[in-house]
Amino acid sequence: MIKHFLKISSGVFALMIAFSTHAQTNHKTTKHLPKSDEKRLSAKIDSLVSLMTLEEKVSMIKSASAFTNGGVPRLGIPEIVMSDGPHGVRHEVNRDWSRNEKVDSRATFLPAEIALASTWNKDLAYKYGTVLGTEAKHRGKDIILGPGINIVRSPLNGRNFEYMSEDPYLISVMGVGYVKGVQDQGISACVKHYLANNQETKRQEVDVLMDERALREIYLPGFKAAVQKGNAYTIMGAYNKFRGQYCTHNEYLINKVLKGEMGFKGAVISDWSAVQNTMQALKFGTDIEMGTEMRNWGNWNFNKVFMGDTAISLVKAGVVDVSYIDAKVKRILWVMHKINMFGKRTPGAINTPEHQKVALNVAEEGIVLLKNNNILPLKKDALKSIAVIGDNAVRLQAEGGGSAQVLAYYEITPLKGLRNVYAPDTQKVSFSQGYVVKKDGTADPQLIAEAVKAASEAEVAIVIGGFVHGYTNEWNDKAFDSEGADKKDIKLPFGQDELIKAVVKANPNTIVVLLGGSASDMSQWVNDVKAIAQVWYPGMEGGNALANILFGKTNPSGKLPVTFPKQLSDMPSHSIGEFPGDSTVNYKEGIFVGYRHFDTHHIEPLFPFGHGLSYTQFAFSNLHVQKQGENVLVSLSLKNTGKVDGAEVVQVYVSDEQASVERPKQELKAFEKVFLKAGESKNISLTLGKEAFQFFDDKKLDWVLEAGKFTINVGSSSKEIKLKGAVSF
Ligand code: GLC
């Protein structure tokens, strides 16, 4: 920073000091500045831009290396340093993407975002963001490229692990917590991928078609909340097209909706190499073009990009007014101010005990106990032997998945976590491979035989399987939970069904633990095994979290953020809509995504949205629903009637009983995670604003609240409705 000041003239120096002072005295992170402050800041930014040459302005609106835009040293404007990813600060790469082995690139490997969403704990979302922001700061980053908040439209999407849910309200609450956590550390979040990047197949060309209600009621709300409630400073433009125009320079999505209707003041950063057209990027909202140079891999030229030399020529030729460039630079400077790049930032930290504890807590609270026929929690001292079976018991996950990869300080595998319980007496916990991750994806009879023997000799068998973060060197076209490819189906690969059936035949006390980014097909054994736990990708403390849950040190409280179908064809994106489409993909299911489809069309899921078991029981009572001005207050009593402390997620679904248009049977509009000691009860109050009852009228092109009766369903999942109330407008 100081080195920059020495090269600039005194006049500019004075302006920079003024700009920096403004940053010092008025630095607010996720808070909105008072209007007067915004006005003063805007005036200072305008003055700074007036000093810049056209070339200097253009250097800021495009990449200058793999993960930076250009700065303007003459004016003391640094490059902005960006980094993946959503679950941890990615390893360092050199300016040409080669891996930088000279620096310590390790970071906390947090559980995947879908595990975070499964906690339904907005405070944990904030802590998760805080870890990311703090570690990004430590590693010298200004923007962390997360959260990923795309709707989970199909369980086949390779990047579901990086996203949160099928439900826009759950995404909104968890996404806002994450963004605030990051940005309160003086680092910018970058909410991605705007918008409707719900598949990896042909992601850089597919044109997404959907009706306006689906856009407004399902695909936009997470981004709208991130901007208007989270005050997100940057948004990443998605690769795909939307209604015929690339998302990252889409006149409707960016100029009209994001920057117009939502009032987004920050910068739109393109996904890497997502920009496809100079004029559209200049006029339809791209503020920083990243990654286009990747198209000439190895022959890097950061000027031969859409908004590089070409933009300079177009302005000099009078074809494009410089005001388009100025507008981008002003947004970028606004973000830089917000994250104190002209002031002094508080220090970061990395892999602290607090960060490790957040990783553990998110992993524990994100584990969803799907089934438990009186086998869990395991009684550590009463058990003589446990057979742990399966490749996912020992496989490290941190560096898989694509851009979300993390070079973890450590990773406690499920086997390590289970053995930690008995350490040093670990021989109580045997391990057999069970299956291997291999290209042809078939079962290995020898490994199954060994697993069956181990299971028959143990009191309890725990099969740890599911999917893996695909590795391109192993997979090519068969990646599972990874960027760049979608799954072919939801069947467990590598002969796991055969393995599980053989194991449970040898030992009825079989527990199945599944890693993965979304639902899998359990039809062949779901009724035979005693318990099933979905752990997603649980991060570097995952093994300890799993052990704490299985042995009851922590009572499970995770809830499904996505519907688990009995079969893939029950999913609306496969039965009504298209997935993955071809050059065009048509979201014909519209607003009926996930449970909205299952509930409305009376299709029984394998495990419903919001489902998750506990080792204790909760009683819901005394529901009161009453209007309070424009709001509706929902209050009830919740009691822990069991013998162990635990947490329940009180979920509130709204049903419009007299809508003039098609609406889902019910929609999640409020929730609260409540921790209660055994025997304790609490009075819970949740407020529903008018938006909880509205739908988007695609004729009026506005939200409407129709008169009529609404039912308020309160429960522990979308299917476990415990109390019903009503309110009319
Ligand atoms: C990738 C991803 C995006 C990531 C970016 C930088 O292609 O789509 O999520 O942040 O490029 O690695």
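The values are calculated or read from the model by the stated rules, or taken from the named source; none is laboratory data. Remember, predicted model here, so these are calculated numbers, not experimental data. Cβ: placed from backbone, ideal geometry, glycine included. Neighbour counts: every protein chain shown. The accessibility values were calculated without ligands, DNA or RNA, using every heavy atom of the protein model including side chains. Shrake-Rupley method; radii C 1.70, N 1.55, O 1.52, S 1.80 Å.
Filtering the range 131-159 to residues that are farther than 9 Å from GLY348 by Cα and among the β-branched types (Val, Ile, Thr) leaves VAL131, ILE143, ILE144, ILE149, ILE151, VAL152. Residue count for the range 157-208, restricted to those that are part of a loop (DSSP other than H, G, I, E, B) and open to solvent by less than 10 Å² (accessible area, probe 1.4 Å): 17. The one condition from (1) over 20 Å from GLU162 (Cα atoms); (2) of a type in the set (D, E, K, R); (3) within 16 Å of the ligand (Cβ to nearest atom) that ARG419 does not meet is (3). Of all residues assigned to the range 85-105, at least one qualifies as being within 16 Å of the ligand (Cβ to nearest atom), touching a helix residue (DSSP H, G or I) at 6+ places or on another chain (Cβ under 6 Å) and open to solvent by less than 20 Å² (accessible area, probe 1.4 Å).
Just one of the listed residues (VAL179, VAL227) is over 25 Å from LYS491 (Cα atoms), within 16 Å of the ligand (Cβ to nearest atom) and in contact (Cβ under 8 Å) with a residue 12 or more places away in the chain, namely VAL179.
A count restricted to the range 182-212 and to residues that are β-branched (Val, Ile, Thr) and within 13 Å of the ligand (Cβ to nearest atom) stands at 1. The set of residues in the range 282-303 that are open to solvent by less than 40 Å² (accessible area, probe 1.4 Å), over 17 Å from LEU195 (Cβ atoms) and away from the ligand (no atom under 16 Å from the Cβ) contains only LEU282. Looking across the range 57-84, the residues that are open to solvent by less than 30 Å² (accessible area, probe 1.4 Å) and among the charged types (D, E, K, R) come down to LYS57, LYS62, ASP84. Give the number of residues within the range 49-84 that are assigned to a loop (DSSP other than H, G, I, E, B) and either touching an Asp or Glu at 6+ places or on another chain (Cβ under 6 Å) or away from the ligand (no atom under 12 Å from the Cβ) (or both). Counting residues in the range 49-84 that are assigned to a loop (DSSP other than H, G, I, E, B) and either touching an Asp or Glu at 6+ places or on another chain (Cβ under 6 Å) or away from the ligand (no atom under 12 Å from the Cβ) (or both) gives 10.
Each residue in the range 117-156 was checked for being within 16 Å of the ligand (Cβ to nearest atom), assigned to a loop (DSSP other than H, G, I, E, B) and over 12 Å from the mean Cα position of the chain (by Cα), and 3 pass. If you check LYS665, LYS719 for being touching a helix residue (DSSP H, G or I) at 6+ places or on another chain (Cβ under 7 Å) and either within 21 Å of LYS559 (Cα to Cα) or part of a strand (DSSP E or B) (or both), only one passes: LYS665.
With respect to the conditions (1) in a loop (DSSP other than H, G, I, E, B); (2) more than 14 Å from LYS328 (Cα to Cα); (3) open to solvent by 10 Å² or more (accessible area, probe 1.4 Å); (4) touching a residue at least 24 places away in the same chain (Cβ under 8 Å), ALA274 falls short on a single one, namely (3).
Is it the case that HIS601 is under 29 Å from GLY366 (Cα atoms) and surrounded by fewer than 23 Cβ atoms within 10 Å (Cβ to Cβ)? So HIS601 fits the description; yes. Do we have any residue at all in the range 324-342 that's over 28 Å from ARG99 (Cα atoms), assigned by TED's automatic domain parsing to the domain that holds ASN548 and open to solvent by 20 Å² or more (accessible area, probe 1.4 Å)? Within the range 324-342 (the criterion being over 28 Å from ARG99 (Cα atoms), assigned by TED's automatic domain parsing to the domain that holds ASN548 and open to solvent by 20 Å² or more (accessible area, probe 1.4 Å)), the answer is no, since none of the residues qualifies. Residues in the range 397-428 that are of a type in the set (A, V, I, L, M, F, W, C), open to solvent by 10 Å² or more (accessible area, probe 1.4 Å) and in a loop (DSSP other than H, G, I, E, B): LEU407, ILE412, ALA423. Hey, any hits in the range 458-469 for a residue that's within 16 Å of the ligand (Cβ to nearest atom), open to solvent by 10 Å² or more (accessible area, probe 1.4 Å), within 20 Å of SER518 (Cα to Cα) and not in a strand (DSSP E or B)? No, because not a single residue in the range 458-469 is within 16 Å of the ligand (Cβ to nearest atom), open to solvent by 10 Å² or more (accessible area, probe 1.4 Å), within 20 Å of SER518 (Cα to Cα) and not in a strand (DSSP E or B). All conditions but one from (1) closer than 25 Å to GLU364 by Cβ; (2) more than 26 Å from the chain's Cα centre (by Cα) apply to VAL632; the one that does not is (1). Which of the residues belonging to the range 252-261 are surrounded by fewer than 19 Cβ atoms within 10 Å (Cβ to Cβ) and more than 28 Å from GLY484 (Cβ to Cβ)? Selection gives ASN255, LYS256, GLY260, GLU261.
Restricting attention to the range 258-281, the residues that are among the hydrophobic types (A, V, I, L, M, F, W, C), away from the ligand (no atom under 14 Å from the Cβ) and in contact with a strand residue (DSSP E or B) (Cβ under 9 Å, 6 or more places away or on another chain) add up to 4.
Within the range 374-396, the presence of a residue that is within 16 Å of the ligand (Cβ to nearest atom) and not in a helix (DSSP H, G or I) is excluded.
Residues in the range 592-602 that are under 15 Å from VAL562 (Cα atoms) and in a loop (DSSP other than H, G, I, E, B): 3 in all. Counting only residues that are without any contact (Cβ under 8 Å) to a residue 60 or more places away in the chain and outside any loop (DSSP other than H, G, I, E, B), the range 534-571 holds 2 of them.
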